[in-house]
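Enquirer: Quick one: structure below, then a few questions.
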Amino acid sequence: MASVYDFGATGDGQTDDTEAIQHAIADGDGTLQFGKGTFRITQPLLFDLTQTGFASVQGIGGATRLVMDGPGPAIRIVGTHQGTASPPSIKPPVWQNERMPTVSGLEILGVHPLAVGIELTRTMQPTLTGVLIRNCRHGLHLVERNRNVLISHCHIYDNDEYGIFFDNCNLHQTIISACHISYNKRAGIKSLNGDVHNLHITGNDIEYNNRPGTDEPAAEIWFEAPEGRISEVSIASNTIQATVTPNGANIRIHGEDTDSPNKSPLIAISGNVIGSQTRAIELKNVNRLSITGNTIYDSADLSLLIQRCSGISVGSNTIVWRADDSLPERDGIRVEDSSNVSLHNLVTERLCSGSEEAGAAIELVRCRESSVTGCQVLDARHRGIELTACRNCRVTDNTVIDRRDQPSMREAIRVRDSAGAIIVRNNLVGGATATPMTIDGRNELPETNLVATP
């Protein structure tokens, strides 16, 4: 191993150790060993894998600190891989000299305003474990092209913009697991444009990623691809929480504004605890996405906002926060200008979206070929379910009841300005202060719907 001390590094936190460490990278054996100490640098430590060959950066757990006192990444790893993850596309020099660059067991602390933690470019199988990155502009910055990225057991904490940033990157086969990604000021995980596939975010604590006191948009997980593509993504078994901030969301996914059936497809959000932001999940221009088995709570505006989407399945989630009516009004579901959306088997309570004039706990606007089925909509603030200017939609087999001693729900189900066939059937409704159902201006209870026993 190439100990940085053997090449003149001091580790005293005051001396500029850049030259000594870069000397160790250039003339060592490719395994850079940091001992206990604080190592101050002012320029990026460059690992050009065509020159260094296999590369490993090793600290001694929490005993090694790398202080970046200059602009750019503290560690920059650059390879030449331009293929995919398919073995035939990987050129022999990549296997011989570049595969699996590893960074482990150290802290990177940014003190320059433009400092970045780690930057990866054209790497194959980069692996980060046991790394703490804080007070940088971005924690981990992935650019251009990377394949088979593993990020585990890391703390990406209190960075000025993004914790993990996929920046216009061609990126496939990435796993982020068992990490603490918190207090980054714009997003915990951000993907911007590029071509991102096979991304798995599993078993992490992702929270408080916003800049309090500002209107700056922020999210715990933020995929934005108006000119790119994000698909084959799973977000599973995480806690995704924050403080309520203007323009904030726990999960925000915005795809390309196109009518193509292939816009940002194939995303699964399952088994997470999501809440305490302006919106829990915000989808725009997304296709083929499922939201299942999540606990969603305390969304100051909406629990789910779905706009210009298709092929969306939302099922078997709990959406509830308010224990009583004295607490601030919260939560609701709104679907706009979308098709082939299924809301089913949801358990909701005291959802407050809408107003006395319009809106409901669950609201569909200008939607087609969509359904609300088998949901529990209890103690809604204004209405249970409302469809406006929809066509070829179903509202069936739901329980929509206001059980409170002083109910506020005006109608259980309302259909307005229908643009085509609407089926309202087999619903159990009750507790409405005005009328159980209004269908296109008519107060009526279509056959097979029942009013609950008081």
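Enquirer: Only one of Ile21, Ile25 is touching a helix residue (DSSP H, G or I) at 6+ places or on another chain (Cβ under 7 Å), hydrophobic (A, V, I, L, M, F, W, C), assigned by TED's automatic domain parsing to the domain that holds Ser177 and at pLDDT below 95. Can you tell me which?
Expert: Working: Ile21 fails: at pLDDT below 95.
Answer to the check: Ile25.
Enquirer: Shifting gears a bit: Can you confirm whether Phe47 is touching a residue at least 12 places away in the same chain (Cβ under 8 Å), assigned to a strand (DSSP E or B) and either in contact with a helix residue (DSSP H, G or I) (Cβ under 7 Å, 6 or more places away or on another chain) or of a type in the set (Phe, Trp, Tyr) (or both)?
Expert: Yes; evaluated as a whole, the condition is true for this residue.
Enquirer: Return the residue satisfying two criteria in turn: it lies in the range 282-300 and is touching a Cys at 6+ places or on another chain (Cβ under 9 Å) and assigned to a loop (DSSP other than H, G, I, E, B), and of such residues it is surrounded by the fewest Cβ atoms within 10 Å (Cβ to Cβ).
Expert: Across the range 282-300, the extreme among qualifying residues is Asn285.
Enquirer: With respect to Asp160, is the statement that it is modelled with pLDDT of 95 or more, under 24 Å from Ala268 (Cα atoms) and of a type in the set (Asp, Glu) true?
Expert: The answer is no for Asp160.
Enquirer: Within the range 429-448, track down each residue that is crowded, with 17+ Cβ neighbours inside 10 Å and at pLDDT 95 or above.
Expert: Of everything in the range 429-448, those that are crowded, with 17+ Cβ neighbours inside 10 Å and at pLDDT 95 or above turn out to be Val429, Gly430, Gly431, Ala432, Pro436, Met437, Thr438, Ile439.
Enquirer: Checking the structure you have, find out if any residue of the range 254-267 is within 12 Å of the chain's Cα centre (by Cα), among the β-branched types (Val, Ile, Thr) and outside the structural domain of His172 (by TED's automatic domain parsing).
Expert: Within the range 254-267, one or more residues are within 12 Å of the chain's Cα centre (by Cα), among the β-branched types (Val, Ile, Thr) and outside the structural domain of His172 (by TED's automatic domain parsing).
Enquirer: Test Glu329 against the criterion of being at pLDDT below 95 and not assigned by TED's automatic domain parsing to the domain that holds Ile269, and give yes or no.
Expert: On the way: at pLDDT below 95: yes; not assigned by TED's automatic domain parsing to the domain that holds Ile269: yes.
Spelling it out, Glu329 is indeed at pLDDT below 95 and not assigned by TED's automatic domain parsing to the domain that holds Ile269.
Enquirer: Now for a different question. What number of residues in the range 428-454 are among the acidic types (Asp, Glu) and part of a strand (DSSP E or B)?
Expert: 0
Enquirer: Check Asn184 against each of (1) closer than 21 Å to Ser276 by Cα; (2) surrounded by fewer than 24 Cβ atoms within 10 Å (Cβ to Cβ) and name the one condition it does not meet.
Expert: Result: Asn184 passes all but (2).
Enquirer: Return the only residue of Ser234, Ser303 being among the hydroxyl-bearing types (Ser, Thr, Tyr), at pLDDT 95 or above, within 26 Å of Asn168 (Cβ to Cβ) and assigned to a strand (DSSP E or B).
Expert: Ser234 is the lone residue from the list that is among the hydroxyl-bearing types (Ser, Thr, Tyr), at pLDDT 95 or above, within 26 Å of Asn168 (Cβ to Cβ) and assigned to a strand (DSSP E or B).
Enquirer: Being small (Gly, Ala, Ser), on the phi < 0 side of the Ramachandran plot and free of Cβ contacts under 8 Å to residues at least 40 places away in the same chain is the filter here, so list the residues in the range 220-245 that pass it.
Expert: Answer for the range 220-245, where residues must be small (Gly, Ala, Ser), on the phi < 0 side of the Ramachandran plot and free of Cβ contacts under 8 Å to residues at least 40 places away in the same chain: Ala225, Ser231, Ser234, Ala236, Ala242.
Enquirer: A further question on this structure: Out of the residues in the range 2-43 meeting the condition of being among the aromatic types (Phe, Trp, Tyr) and farther than 20 Å from Gly117 by Cα, tell me which one is surrounded by the most Cβ atoms within 10 Å (Cβ to Cβ).
Expert: Ranking the candidates gives Phe7 first.
Enquirer: Of the residues Ile201, Ile156, Ile206, which single one is assigned by TED's automatic domain parsing to the domain that holds Pro73, not in a loop (DSSP other than H, G, I, E, B) and not hydroxyl-bearing (Ser, Thr, Tyr)? Step through it out loud before you land on a result.
Expert: On the way: Ile201 fails: assigned by TED's automatic domain parsing to the domain that holds Pro73; Ile206 fails: assigned by TED's automatic domain parsing to the domain that holds Pro73.
Going through Ile201, Ile156, Ile206 in turn, just one is assigned by TED's automatic domain parsing to the domain that holds Pro73, not in a loop (DSSP other than H, G, I, E, B) and not hydroxyl-bearing (Ser, Thr, Tyr): Ile156.
Enquirer: Continuing with this model, one more query. Go through the range 20-37 and give me each residue that's under 17 Å from Gln51 (Cα atoms) and not in a strand (DSSP E or B).
Expert: Once the filter is applied, which keeps residues that are under 17 Å from Gln51 (Cα atoms) and not in a strand (DSSP E or B), the range 20-37 yields Ile21, Gln22, His23, Ala24, Ile25, Ala26, Asp27, Gly28, Asp29, Gly30.
So that you can scan it fast, the table gives a plain yes or no per residue for (1) of a type in the set (Phe, Trp, Tyr); (2) crowded, with 17+ Cβ neighbours inside 10 Å; (3) under 23 Å from Trp222 (Cα atoms):
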position: Lys91; (1), (2), (3): no, no, no
position: Asn97; (1), (2), (3): no, yes, no
position: Thr102; (1), (2), (3): no, yes, no
position: Glu119; (1), (2), (3): no, yes, yes
position: Pro126; (1), (2), (3): no, yes, yes
position: His138; (1), (2), (3): no, yes, yes
position: Arg145; (1), (2), (3): no, yes, yes
position: Ile151; (1), (2), (3): no, yes, yes
position: Asp167; (1), (2), (3): no, yes, yes
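Enquirer: Determine, yes or no, whether His141 is at pLDDT below 95 and assigned to a strand (DSSP E or B).
Expert: Working: at pLDDT below 95: no; assigned to a strand (DSSP E or B): yes.
No: the conditions fail for His141.
Enquirer: Do we find that Arg394 is more than 25 Å from Ser231 (Cβ to Cβ) and either in contact with a Lys or Arg (Cβ under 8 Å, 6 or more places away or on another chain) or among the hydroxyl-bearing types (Ser, Thr, Tyr) (or both) in this structure?
Expert: yes
Enquirer: Among Ser86, Ser56, which is the only one that is of a type in the set (Ser, Thr, Tyr), buried (at least 16 other Cβ atoms within 10 Å of the Cβ) and closer than 22 Å to Thr174 by Cβ?
Expert: Result of the check over Ser86, Ser56: Ser56.
Enquirer: Could you give me the residue pairs with C-beta distances under 6 Å whose first residue belongs to the range 344-368 and is free of Cβ contacts under 8 Å to residues at least 60 places away in the same chain, whose second residue is acidic (Asp, Glu) and in a strand (DSSP E or B) wherever it lies, and which are 6+ apart or on separate chains?
Expert: Going by the 6 Å Cβ cut-off, the qualifying pairs are Ala360/Glu386; Glu363/Glu386; Val365/Glu336.
The values are calculated or read from the model by the stated rules, or taken from the named source; none is laboratory data. What you are looking at is a predicted structure, and each value in this text was computed from that prediction instead of being measured. Neighbour counts run over all protein chains shown; Cβ positions are idealised from the backbone, glycine included.
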